[in-house]
Number of protein chains: 2
Amino acid sequence: MDAPHRPVDVVTIGHAIVDVLAPSPDDLPAAYGMDKGTMTLIDEARAAELYEALGPAVESSGGSAANTAAGLASLGGSAAFMGKVHDDKLGEIFTHDIRAAGVAYDVAPATVGPATGMCMIMVSPDAERTMATHLGAGALLYAEDVDAERCRQAKVVYLEGYMVGLDAPAAAVAKAVQSCHLGGGRFALSLSDPYWVNLKAAALDALLDGVDILFGNEDEVTAMAGADLDGALSELARRCDLVVVTRGAKGSIVVAEGTTIEVDAHPADHVIDTTGAGDLYAAGFLYGLINDYKPSECAELASLAAAEVIGHLGARPQTSLRAAAATAGLLH
Amino acid sequence: MDAPHRPVDVVTIGHAIVDVLAPSPDDLPAAYGMDKGTMTLIDEARAAELYEALGPAVESSGGSAANTAAGLASLGGSAAFMGKVHDDKLGEIFTHDIRAAGVAYDVAPATVGPATGMCMIMVSPDAERTMATHLGAGALLYAEDVDAERCRQAKVVYLEGYMVGLDAPAAAVAKAVQSCHLGGGRFALSLSDPYWVNLKAAALDALLDGVDILFGNEDEVTAMAGADLDGALSELARRCDLVVVTRGAKGSIVVAEGTTIEVDAHPADHVIDTTGAGDLYAAGFLYGLINDYKPSECAELASLAAAEVIGHLGARPQTSLRAAAATAGLLH
């Protein structure tokens with residue numbers, strides 16, 4: 001990294017992905033060997049085959065941690081994203097969108113190797129999403145791509161679980177975590193997906209004792225702990241200072257300093273596409289956290305951010321979350 | 001054209017465009033010298049400059065006549081689209097989406113010349129759209145790209161006004177109109193845009209006596225006739241068998257065989273983005289027409305299709321219009 005970059009409160013690290021979202025019949029995932037509601041990794045040939053079968057789509061920048069950074073910026077927070085695109089059309093779209101969202105993004109695009117990552121998302125009539133991801137350039141984030149100084153200055157470095165257990169980004173992740181802790185910041189991990197938690201259990205477990213803040217949904221935390229929800233909460237709270245569990249329409253649970261609180265979901269007018277709900281929940285929670293909100297207030301802001309993103313196709317906010325949060329009286 | 005193509009009821013002809021839709025503050029169009037609600041043609045350099053200023057966006061296949069074909073297919077009609085993309089990523093997206101919508105699309109992509117056309121659309125908080133279009137490959141539709149046999153077999157050949165008054169596609173348009181009339185089909189024209197009507201008044205006027213069905217909004221028909229609405233209706237009805245005028249929330253007016261009827265707009269739950277409203281109105285109307293519905297029934301179907309598309313970002317239906325029309329009791 002040459003020039004010094006502006007410091008930010010939160011650095012998020014993950015796959016740089018452009019989503020291809022298609023309203024789809026309930027049975028399309030099964031017809032392609034996928035379980036509804038899950039994420040499957042696919043190669044380029046399979047991606048082409050699946051795209052052929054997919055209905056008319058909308059393209060929208062995505063990537064779990066990138067969505068979280070966009071959500072933070074929409075709330076008025078300062079965030080940077082670290083993830084890799086290729087120097088191609090989708091890479092250009094990804095770069096435009098994340099910068100236009102107000103997120104600092106300075107990772108150089110790859111000029112060799114695979115194309116920018118994409119995720120084909122079948123959105124069922126009940127708003128559930130089934131994802132087939134071709135990671136492409138996204139998986140090739142190297143240590144040299146990580147701005148250690150920015151990680152050192154951040155209050156939180158947030159990692160999406162999808163980056164854990166892959167060979168290429170391991171050094172990048174280690175560098176980011178180390179820099180964060182050196183600077184006195186907190187390291188946050190999102191578990192991303194129950195399938196991924198099972199697939200990469202050892203790598204996630206090895207990382208866990210360094211995790212200060214853990215995000216996951218019910219399926220992910222129970223898979224991670226190999227226990228029921230209560231067992232998972234106590235096991236994970238033993239290892240991480242703060243454990244945050246999302247439960248869809250049932251709201252969320254926060255375990256902080258020995259205290260467990262439950263917070264209702266924010267009412268959603270109409271639910272179109274749940275893609276990005278967890279990412280935006282994390283955005284709202286982190287915004288509260290870095291601004292010293294109480295855990296319950298963090299969770300309320302989180303729920304509001306999640307409610308916005310499930311109201312339309314696509315995993316990034318389409319309206320100002322700051323304005324919505326102010327209207328709802330959730331900002332200090 | 002080598003192999004014979006399946007015959008369709010409606011052929012639509014226009015620019016193949018991928019829309020880049022960005023929720024934008026009210027004053028962004030003016031800051032870039034554009035009038036809110038209008039369309040401006042821009043070159044590649046200006047497109048890059050404007051994209052830089054644009055907020056986070058969603059990409060969705062567009063193009064006025066292509067949207068109409070997608071709407072027809074969503075209602076269960078058979079449609080083909082003729083328009084030109086380049087052999088690039090946006091061209092691939094456009095081709096996927098129109099075929100996945102069930103529209104026949106067999107125009108070969110260009111391998112030389114400009115990139116696939118794109119339209120940057122600033123969507124204001126009041127759902128109004130301001131468009132900056134880089135036509136790219138879209139403007140380069142040649143006579144050899146037009147399947148005369150398909151036009152001859154169609155009940156309706158529908159042209160977007162944006163194709164009129166450009167040098168390159170003039171021969172393609174003439175071939176399509178001639179083939180349509182030779183086969184006993186009706187030729188429909190959409191006026192597209194009041195700015196375009198003023199810019200290309202002579203070319204549109206020269207075409208008008210061959211037009212059987214004319215679509216336009218209030219601003220477009222008054223610009224075309226150089227008269228107020230009543231004057232425009234009588235002047236245009238003298239020259240075209242069927243004149244259909246859309247008036248946004250005020251509904252629409254149909255003049256057919258000396259009779260004028262007014263139809264209310266379909267109630268819309270929430271209005272997010274009016275892009276594509278006119279295109280989908282035309283889709284619903286044409287679906288009724290080719291199935292021998294009464295003019296008032298055509299207009300009701302048209303209004304329902306328009307109401308769907310203004311409920312989300314993007315100019316193509318995201319739900320089945322056929323199912324919605326059946327639920328509303330509008331299908332025979």
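A short reminder: the numbers here are calculations on the coordinates, not readings from a lab. These numbers were taken from a predicted model, which means no experiment stands behind them. Every residue, glycine as well, gets a Cβ built from its backbone with ideal geometry; the counts of neighbours run over all protein chains shown.
Which is farthest toward the positive dipole end of chain B among B:Gly329, B:Ala237, B:Val197, measuring Cα position about the Cα centre, with Cβ charges +1 (Lys, Arg) and -1 (Asp, Glu)?
B:Gly329
Hey, got the average number of other protein chain Cβ atoms within 10 angstrom for residues in B:311-317? Don't skip to the end; give the middle numbers.
Working: counts 3, 7, 6, 5, 0, 3, 2.
Going residue by residue through B:311-317 and averaging, the value is 4.
Select from B:Ala268, B:Ala315, B:Ala31 the residue whose mean-square fluctuation is largest in a Gaussian network model of chain B (Cα-Cα springs shorter than 10 Å).
B:Ala31
What residue among A:Phe285, B:Leu28, B:Ala148 has its Cα farthest toward the positive end of the dipole of the protein assembly as shown, where the charges are +1 on Lys, Arg and -1 on Asp, Glu, each on the Cβ?
B:Ala148
Please compute the modelled spin-label separation between B:Ala328 and B:Asp241, points set 7 Å along Cα→Cβ, answer in nm with one decimal.
2.5 nm
Could you work out how far apart the two model spin labels at B:Thr259 and B:Ala227 are, taking each label as a point 7 Å from the Cα in the direction of the beta carbon, and quote it in nm?
Simple spin-label model gives 2.2 nm for this pair.
Once you've got the GNM for chain B with C-alpha springs shorter than 10 Å, pick whichever of B:Gly231, B:Gly71, B:Gly248 has the biggest mean-square fluctuation.
B:Gly231
How much net charge surrounds A:Ala110 when only other residues with a Cβ under 11 Å from its Cβ are counted (Lys, Arg +1; Asp, Glu -1)? Intermediate results must be reported in sequence, preceding the final value.
Values: positive: A:Lys84; negative: A:Asp87, A:Asp88, A:Asp145.
Its environment carries a net charge of -2.
Need one value for B:248-261: mean number of C-beta atoms belonging to other chains within 10 Å of its residues' C-beta atoms. Numbers along the way, then the final one.
Details: counts 0, 0, 0, 0, 0, 0, 0, 0, 0, 0, 0, 0, 0, 0.
Counting Cβ atoms of other protein chains within 10 Å of each residue's Cβ and averaging gives 0.
Along Cα-to-Cβ, 7 Å out, sits the label point; list in nm, shortest first, how far the one on A:Val271 is from those in the other copies.
2.9
Out of all DSSP beta bridges in the protein assembly as shown, what portion is antiparallel? Express it as a percent rounded to 5. Could the numbers behind the result be given before it?
Details: 45 of 111 bridges.
Taking every DSSP beta bridge with both residues in the protein assembly as shown, the antiparallel ones total about 40 percent.
Could you work out [θ]222 nm for chain B from helices alone, using -39500 (n - 2.57) per DSSP H run of at least four and dividing by all its residues? Round to the nearest 500 deg cm²/dmol.
Values: 13 runs with 125 residues, N = 332.
Calculated at 222 nm, the ellipticity per residue is -11000 deg cm²/dmol.
How do A:Thr116, A:Thr130, A:Thr40, B:Thr259 line up, fewest other C-beta atoms within 10 Å first?
By the 10 Å Cβ count, ascending, the order reads B:Thr259, A:Thr40, A:Thr130, A:Thr116.
Taking Cα pairs under 8 Å and at least six residues apart, what relative contact order does the stretch A:10-327 come out at, in percent?
Working: 752 pairs, mean separation 58.2, N = 318.
Relative contact order here is 18 percent.
Considering only the other residues whose Cβ falls under 11 Å of the Cβ of B:Asp19, what net charge follows from Lys and Arg at +1 and Asp and Glu at -1? Please list the in-between numbers first.
Numbers: positive: B:Arg129, B:Arg316; negative: A:Glu59, B:Glu59, B:Asp97, B:Asp273.
Surrounding charge for B:Asp19 is -2.
Assigning unit charges at the beta carbon (Lys, Arg +1; Asp, Glu -1) and nothing else, what dipole magnitude in debye, to the nearest 20, does chain A show about its Cα centre? Walk me through the numbers before you get to the answer.
Numbers: 20 positive and 45 negative charges, 156 e Å.
The dipole of chain A has a size of about 740 debye.
By a straight-distance test (C-alpha under 26 Å), which lysines pair with A:Lys84 as possible cross-link partners, with residues fewer than eight away in the same chain excluded?
A:Lys155, A:Lys175, A:Lys200, B:Lys89
Working out 0.36 nm times the residue gap between A:Ala201 and A:Thr38, then minus their Cα-Cα distance, what length gain in nm do you get to one decimal? Walk me through the numbers before you get to the answer.
Numbers: separation 163, 0.36 × 163 = 58.68 nm, distance 1.67 nm.
Extra length from A:Ala201 to A:Thr38 when fully extended: 57.0 nm.
Indicate, rounded to the nearest 5 percent, the antiparallel portion of the DSSP beta bridges found entirely in chain A. Working shown, then result.
On the way: 21 of 54 bridges.
Taking every DSSP beta bridge with both residues in chain A, the antiparallel ones total about 40 percent.
In straight Cα distance, which aspartates and glutamates are under 17 Å from A:Lys294, not counting same-chain residues fewer than 8 positions off?
Cross-link targets: A:Asp212, A:Asp241, A:Glu257, A:Glu262, A:Asp264.
Could you give the size of the charge dipole of the protein assembly as shown about its Cα centre, using +1 on the Cβ of each K and R and -1 on the Cβ of each D and E, expressed in debye and rounded to the nearest 20? Don't jump to the answer; show the numbers that get you there.
Working: 40 positive and 90 negative charges, 29 e Å.
Its charge dipole is roughly 140 debye.
Excluding A:His312 itself, what net charge comes from residues whose Cβ is under 12 Å from its Cβ, given Lys and Arg +1 and Asp and Glu -1? Mind showing how you got there, number by number?
Numbers: positive: A:Arg316; negative: A:Asp269, A:Asp273, A:Glu308, B:Asp273.
So the environment of A:His312 carries a net charge of -3.
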